[in-house]
Amino acid sequence: MGEDALVLLTWIAEVADERLTLEPGDRRVEWETNTWWLGAADEDRKSLSTAAVVAAFERTAAAIRERIRELGFPGAATFYVWHDEQAAQLRCSTGSVPLDALPFTSACMASDDLAPLVEAFLAGGEPEITPLRVWTSRVGGSDQADEDEEEFCRSFVAAGGAGGSRRARSRSLRRRVGGGPGDEQVQGLFGW
């Protein structure tokens, strides 16, 4: 596995430690603060496994779920991941919305299986015209997790969580979405 591939997995985990804004009345602020893109060079994508990337996002969702509990945020919140095929990136965000109210203006299909999105990202290739597939994980609200999820969260946080030490980051592989070239197209996907 290439160094940048390992860094990508670390960065996925570090999303859980980044600034988190839950503002139900201002979706734009949430999106600008909580949305990240993650990319990798072709050779690094080929060295990553679907299982490793899926596990990294699942651990990140669990860590965000725990943070939201600690904040005492009472409303619905969802962590979600999608594959931006045109940009060859995985994008993720957290919003104060229920699973069935993601803020996309184009047709999207919520999924509880992240593997197909990751496989498409790792394979590269030409974009397909299909409804946007979005993996979702409930991270807020009173009925957010069953007992197994709660136990996983506790054991994950007790084991040190997603963070660990901060490493220098190359913003060419991971950065917050908003204000950069091409972001207008992504912003058009969201409805506020």
Per the filter on segment 84-127, residues surrounded by 15 or more Cβ atoms within 10 Å (Cβ to Cβ) and of a type in the set (S, T, N, Q) are 89, 93, 94, 96, 111
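Residues are listed down the side, and each one gets a yes or a no for (1) out of contact with any Lys or Arg (no Cβ under 8 Å at 6 or more places or on another chain); (2) at pLDDT below 95:
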site	(1), (2)
2	yes, yes
6	yes, yes
11	no, yes
25	yes, yes
28	yes, yes
43	yes, yes
49	yes, yes
54	yes, no
61	yes, no
In segment 46-85, anything in contact with a Ser or Thr (Cβ under 6 Å, 6 or more places away or on another chain) and of a type in the set (Asp, Glu) is listed as none
The number of residues in segment 111-136 that are touching a His at 6+ places or on another chain (Cβ under 8 Å) and modelled with pLDDT under 85 is 1
When (1) part of a strand (DSSP E or B); (2) open to solvent by 20 Å² or more (accessible area, probe 1.4 Å); (3) of a type in the set (Phe, Trp, Tyr) are applied to residue 73, the one that fails is (1)
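Residues of segment 48-60 being open to solvent by 40 Å² or more (accessible area, probe 1.4 Å) and assigned to a helix (DSSP H, G or I), which ones?
Passing the criteria: 51, 58, 59.
Would you mind finding the one in 120, 110, 101, 55 that is of a type outside the set (Val, Ile, Thr), touching a strand residue (DSSP E or B) at 6+ places or on another chain (Cβ under 9 Å) and closer than 20 Å to residue 7 by Cα?
Working: 110 fails: closer than 20 Å to residue 7 by Cα; 101 fails: closer than 20 Å to residue 7 by Cα; 55 fails: touching a strand residue (DSSP E or B) at 6+ places or on another chain (Cβ under 9 Å).
Of 120, 110, 101, 55, the one residue that is of a type outside the set (Val, Ile, Thr), touching a strand residue (DSSP E or B) at 6+ places or on another chain (Cβ under 9 Å) and closer than 20 Å to residue 7 by Cα is 120.
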Per the list (1) touching a residue at least 24 places away in the same chain (Cβ under 8 Å); (2) not in a helix (DSSP H, G or I), residue check on residue 25 breaks on (1)
If we keep only residues of segment 128-142 that are within 22 Å of residue 65 (Cα to Cα) and of a type in the set (Ser, Thr, Tyr), then the residue surrounded by the most Cβ atoms within 10 Å (Cβ to Cβ) is 137
Exactly one of 63, 13, 40 is open to solvent by 10 Å² or more (accessible area, probe 1.4 Å), in contact (Cβ under 8 Å) with a residue 60 or more places away in the chain and not in a helix (DSSP H, G or I), and that residue is 40
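The values are calculated or read from the model by the stated rules, or taken from the named source; none is laboratory data. Owing to the predicted nature of the structure, the values given are computational and were not obtained by experimental measurement. Please note: Cβ atoms are built from the backbone with ideal geometry, for glycine as well, and neighbour counts cover all protein chains shown. The area values use the complete protein model at the heavy-atom level, side chains included, leaving out ligands, DNA and RNA. Shrake-Rupley method; radii C 1.70, N 1.55, O 1.52, S 1.80 Å.
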